[in-house]
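Colleague: Before anything else, here's the structure in question.
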Amino acid sequence: MARTLIVCMPLLIACASAQKAVPPETSAQKTVPPEVPQQTAAVNPFFAESPLPLHYPPFDRLHDSDYVPAFEAGMAEQLKEVQAIARDPAPATFENTFVVLEKSGRLLRRVQTVFSNLNAANGDPAMQKIESQMAPRLSAHRDEIFLDPALFARVDALYQKRSQLGLDPESNQLVERYEVQFVRAGAKLSAGDKDKLKKINQELSSLTTKFRQNTLKCTKESAVVVDDVKDLDGLTAEQISAAAEAAKARKLEGKYVLTLQNTTQQPPLRDLKDRALRERVFKASVSRCVGGDADNTSVVARILALRAEKAKLFGDANWAVYTLEDETAGTPQAVNKMLGDLAPAALAKAKKDARDLQALLGQDAKGQTLQPWDWTFYAEKLRKQRYDFDDSAVKPYFEINRVIQDGVFWTANQLYGISFKERHDLPVYQPDVRVWDVFDADGSQLGIFIGDYYKRDNKQGGAWMNAYVPQSGLFSEKPVVANHLNIPKPAEGQPTLLTFEEVTTLFHEFGHALHGLFNKAKYPLLSGSMPRDWVEFPSQFNETWTREPKVLANIARHYLTGKPIPKALLDKIKSAENFDSGFKTTEYLAAAMLDQSWHQLPATEIPKDGSGVAAFDDLALRRDGAFFPPVPPRYHTAYFSHIFSGGYSAAYYGYIWSEVLARDSGQWFYRHGGMTRENGNVFRAKILSRARTEEPRVLWEKFYGGPPRIEPLLEWRGLTQEQRVGRRQ
Ligand SMILES: [Zn+2]
């Protein structure tokens, strides 16, 4: 799990190929729309559709100075278009309201898509400045649209009589999605409640910023200072010199500083031999942001109170109810059940592994009990004992071109009949970027695929997918989608050899790409906004094929000799994939449960101030049966940024929810004959091509015909009793 979670965590939204359709969170300011600046396509490429194939972006003609004028003109243009709908004297119709809304803001969408993608993949300081400058203005722009009472009156009138409009199912879904977005943005509230909501949103916006800034500050300040290099025994020379550098940067010459990362567990704990120092590092990590000048506990108490108040404005019992209404899960009960069903297997494996680790600890420190700061240290020892291999033995068998052509593309061809042809005539923003035409089984062009695989200093970390041109039936546009990874670039003339984790990431991101390429939605709103607990389903599903023997036989060949990987090594790789999965699943589930516990509290039970906040975690986990001290939650409340400043409040469970769907779909394929075109066609028709043209829970039901089972995920992660590695139903 951790692999795919880590891959996607930094950039889930982008990774999810979703353009955010975010309801307004801040107050709307009524302004007179400025005149559209008089720039033309001759000077600013954003002012016209790209003349390149499929409107592929003209990367060679883009300049940083083009963005702001295009953003400004794009917002002004969209506001004019939207206000014209609201003021239209003709009675509201589907065409003159929803279709015109969908057609509005094309210039804005064009610049926004290219800007956000390039800013992440190939950014520069000027772009970062533009980002900060435009963020509040874009947010106010959305508010002006979603809180416009005249516009909502038309939307709502049509929504109320939608059954009499003779709409096709997708158009009906469009009407329903717009209604939901307007309503969730507050369009239906009374004037007084709208004012309350604006105030709540404003305060929440500053509090979540405060939480983020506090977390940065206390994480930095909680770094552990070490006086004597001898205490760092176990770290590599590079790690030690990094610690010396970190000390220098803090004017602590001659000392060593172990900096913290955002999770509870810290990377040096795996290597540090000094148990007392491990304990210091761990305790510094978990006590972060509780008390002191960057205290988050009081911030959390206030955020929770405001979220509860906001949920109440919408008539919901708590924040989780309000959030989950718009997710695939639907209700807190469904989420609780899924998490509660998964936890026992994960905990059982963690407890079993704990006994092995305890035995190893006993050899070093007689009579001592296994503590959380011992876990990764002894787990690494055990891993080396059990699966004695390292990356250098594996990588010669996974050369990037073979993995892409004979693995990722070949699999897509077997399943869906599509093919790929690399082209070199289109401009790229960086010489390493590669471009392929993608053809459907009948030979027609499906889209363009961009592969940007190497790590660069100006590229955001992690891996993600995005669409430069989203598919849209309304505009007859075919998709231009891109995958981004951070694979270290080899020296000139050397081959790019991958770890098995990087191979899996290639398949994962390509699963998102297929979701974008196969999309058949007519309306942009339905192709662009996916629930958080659905977006990672196609990508995690595509990882299935990294364990398919036919695929492995194709790709796992020595880059010099072409000889297949030795079976013994392949078996070790497969078994090692699930090593420590009890720990990884348990720490994730514990954090997901904490998120739910906080956001399912009724307003009356939310702590009045920070004093009750820190103690809540253990109590809640005990109640949920997930309290196991050697495996603490991946994040404790005081530094749980995903849910208090990262947009995942009451939705952190989404990663594993989509993985349950993904693993069960993998087994569905094997129950129906495995990697075949027939199965691929069904999955494409019922899931991959559908975007949000129906609600995902309906799409799932129509594909699968019942609720998903958790057993396939347990099996995939090696959490079942029998540990049937590699065996399929
Ligand atoms: Zn992903």
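Colleague: Tell me which GluC sites (Glu not before Pro) from the range 469-504 have a DSSP coil assignment and no more than 14 other beta carbons within 10 Å of their own.
Modeller: Values: sites: Glu477, Glu492, Glu501, Glu502; in loops: Glu492.
Loop-located and lightly packed - Glu492.
Colleague: Sticking with this structure for a sec: Relative to the compact globular guide of 2.2 N^0.38 Å, what is the alpha carbon radius of gyration of the range 572-729, as a ratio?
Modeller: Working: Rg = 18.9 Å, N = 158, 2.2 N^0.38 = 15.1 Å.
In units of the 2.2 N^0.38 Å rule of thumb, it is 1.26.
Colleague: For the range 357-478, what is the convex hull volume of the alpha-carbon atoms per residue, in Å³? Before the final figure, lay out each step's value.
Modeller: On the way: hull volume 26.6 nm³, N = 122.
With only Cα atoms used, the range 357-478 gives 218 Å³ per residue.
Colleague: Name the long-range amide H neighbours of Gly447: under 5 Å, sequence gap of 5 or more, or other chain; modelled H, no Pro or chain starts.
Modeller: For Gly447, the qualifying residues are Val438.
Colleague: Considering the Cα trace of the range 618-684, what is its radius of gyration and what is Dmax, both in angstroms?
Modeller: Spelled out, the Cα radius of gyration and Dmax of the range 618-684 are 18.2, 50 Å.
Colleague: Restricting to DSSP H runs of at least four residues, report the calculated mean residue ellipticity at 222 nm for the chain, -39500 (n - 2.57) per run over all residues, nearest 500 deg cm²/dmol.
Modeller: Working: 29 runs with 363 residues, N = 729.
Mean residue ellipticity at 222 nm (helix-derived): -15500 deg cm²/dmol.
Colleague: A further question follows. With 10 Å bins from zero, work out the P(r) of the range 573-656 over every alpha carbon pair and list the percent per bin.
Modeller: Using 10 Å bins, I get a P(r) of 17, 48, 26, 7, 2, 0 for the range 573-656.
Colleague: Suppose we keep just the alpha-carbon trace of the chain; what are its Rg and Dmax in angstrom?
Modeller: My reading of the Cα-based Rg and Dmax gives 26.1, 84 Å.
Colleague: With viscosity set to 1.002 mPa s at 20 °C, what whole-number translational diffusion coefficient in µm²/s follows for the range 430-489 from Stokes-Einstein and a Kirkwood radius over Cα pairs? Write out the running numbers ahead of the final one.
Modeller: On the way: Rh = 12.7 Å.
Rounded, D is 168 µm²/s.
Colleague: Give the separation of the Cα centroids, the range 188-208 to the range 680-707, in Å.
Modeller: Here the two parts' Cα centres lie 36 Å apart.
Colleague: What would the Debye equation give as log₁₀ I(q)/I(0) for the range 124-170 at q = 0.17, 0.30 Å⁻¹, counting only Cα atoms as equal point scatterers?
Modeller: Listed by q, the Debye log ratios stand at -0.66, -0.99.
Colleague: Now for a different question. Just the projected area, averaged over all directions, of the convex hull on the alpha carbon atoms of the range 233-337: how many nm²? List each step's numbers first, then the result.
Modeller: Numbers: hull surface 42.1 nm².
Projected area, direction-averaged: 10.5 nm².
Colleague: Separate question: Step through the table entries Lys217/Lys251; Lys196/Lys220; Lys421/Lys520, compare each Cα-Cα distance with 28 Å, and write down the pairs that go over it. Present the calculation step by step, with values, prior to reporting the outcome.
Modeller: Values: Lys217/Lys251 17 Å; Lys196/Lys220 36 Å; Lys421/Lys520 22 Å.
Result: Lys196/Lys220 exceed 28 Å.
Colleague: How big is the charge dipole of the chain about its Cα centre, in debye rounded to the nearest 20, if each Lys and Arg gets +1 on its Cβ and each Asp and Glu gets -1 on its Cβ?
Modeller: On the way: 92 positive and 90 negative charges, 213 e Å.
So the magnitude is around 1020 debye.
Colleague: Over the Cα atoms of the range 67-172, what Rg and Dmax result, in angstrom?
Modeller: 16.6, 53
Colleague: Please list, in order along the range 692-703, the HN-Hα scalar couplings obtained from phi with the Karplus expression 6.51 cos²θ - 1.76 cosθ + 1.60 (θ = phi - 60°), rounded to whole Hz, x for Gly and Pro.
Modeller: 10, 5, 9, 5, x, 5, 6, 4, 4, 4, 5, 6
Colleague: Evaluate Rg over Rh across the range 154-292, taking Cα atoms for both radii and Kirkwood's formula for Rh.
Modeller: Details: Rg = 26.5 Å, Rh = 19.7 Å.
Radius of gyration over Kirkwood radius for the range 154-292 works out to 1.35.
Colleague: What number do you get for the range 597-643 when its Cα radius of gyration is normalised by 2.2 N^0.38 Å, N = residues?
Modeller: 1.17
Colleague: What translational D, rounded to a whole number of µm²/s, comes out for the range 196-238 from Stokes-Einstein when the hydrodynamic radius is the Kirkwood one over Cα pairs, at 20 °C and 1.002 mPa s? Mind dumping the intermediate values first?
Modeller: Working: Rh = 13.7 Å.
This corresponds to a translational diffusion coefficient of 156 µm²/s.
Colleague: Further, regarding this structure: In nm, what is the difference between 0.36 nm times the number of residues separating Lys220 and Lys563 and their Cα-Cα distance? The partial results should precede the final answer.
Modeller: Working: separation 343, 0.36 × 343 = 123.48 nm, distance 4.85 nm.
The Lys220-Lys563 span can extend by a further 118.6 nm.
Quick note: the coordinates plus some simple rules give every number you see, no bench work behind them. Since the model is a prediction, treat every value here as computed from it, not as a measurement. Positions of Cβ are generated from backbone atoms using ideal geometry, with glycine treated the same way; all protein chains shown enter the neighbour counts.
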